[in-house]
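Note sheet for the following structure.
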Amino acid sequence: MKDEIIDRGRREFFKETFSYIGNTISDIVKTKVDTVSNPNTNPKTRRYIRPPGALNEKEFLSLCTRCDECVKVCPHYSIRKLNKDFDIADGTPIIVPEETPCFLCEDFPCIKACKDGALVEVKDKEEVAMGKAYINESNCMAYGAQFCEHCVRNCPIPDAIYQDENRPIVDKEKCVGCGVCENVCNTVNQPIAIKVVPKQ
């Protein structure tokens, strides 16, 4: 009788445990699917800086096979894999400008390496659209007492950042979001004053 009660208790324990695990996995999968397919969550909104030529986020995620070819061919090691568990974008290529920006290679080897169509051809670097740079004026030394023009001098797109009365201004029409400005700002300005926001 006592053994029967113990066995029944074990069965109930395992039943509840497996049920809980199954429901948890189901919830995670459902959340991932909803993130991509639910129009109310704006699946085109990008949370990460993608390599040049990336399609809108929904199309990019549906086409990118996480093959790593763009990561392998980047001569500056700017492209890396996103490593974020339980994220629908886990394993996809991203750029973290603060650490290593995109240097807008002339021949765009990353785009040429993409056989899945997630990265599409751009004619020149001015057509790239990875994001837009924003300046936090309260953190920028050029808006204070010190002279600084590192972001202006290093920007690879002519006049995407220019100076007005010794203060940097981003031209949102010309900025491509490569992140070179963010990267150089990180070497001279703490806390960092420039941040690239992914293309929306």
Least to most buried among Thr187, Thr100, Thr92, by other C-beta atoms within 10 Å and fewest first, runs Thr187, Thr100, Thr92
Given pairs Lys84/Lys172; Lys58/Lys84; Lys84/Lys174; Lys81/Lys199; Lys84/Lys125 and cut-off 27 Å on Cα-Cα distance, the over-length ones are Lys84/Lys172; Lys84/Lys174; Lys84/Lys125
Note: Glu137 to Tyr162 extended length (0.36 nm per residue) minus current alpha-carbon separation gives 7.6 nm
Mean separation of Cα pairs under 8 Å and 6+ residues apart, divided by the residue count of segment 57-198: what relative contact order is that in percent? 24 percent
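Once the Cα gyration tensor of segment 97-160 is diagonalised, what are the square roots of 5 times its eigenvalues, in whole Å and ordered largest first, as equivalent ellipsoid semi-axes?
Working: eigenvalues 191, 28, 20 Å².
They are 31, 12, 10 Å, listed largest first.
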How long is the gain from Glu106 to Lys174 if the chain were fully straight, where each residue apart is worth 0.36 nm and the alpha carbon distance is subtracted? 22.7 nm
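Rule-of-thumb check for segment 117-192: C-alpha Rg over 2.2 N^0.38 Å?
1.16
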So for the pair Ala129, Thr65, with labels modelled 7 Å out along Cα→Cβ, what separation do we get in nm? 2.7 nm
Determine ³J(HN,Hα), in whole Hz, for all residues of segment 95-112 in sequence, where each value follows from phi through the Karplus function 6.51 cos²θ - 1.76 cosθ + 1.60 and θ = phi - 60°; x replaces Gly and Pro. 10, 10, x, 4, 8, 8, x, 8, 9, 6, 3, 4, 9, 6, x, 5, 5, 5
Based on the alpha-carbon gyration tensor of segment 86-128, what equivalent-ellipsoid semi-axes (square roots of 5 times the eigenvalues) come out, in whole Å, largest first? 20, 16, 8
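How much of the pair distance distribution for segment 57-198 lies past 28 Å, counting alpha-carbon pairs only, in percent?
23 percent
Any read-out appearing in this document is the output of simple, stated calculations on the displayed coordinates, not a laboratory observation. A quick note: this is a predicted structure, and the numbers were derived from the prediction, not measured. FYI the Cβ positions are ideal-geometry reconstructions off the backbone, even for glycines, and counts take in every protein chain you see.
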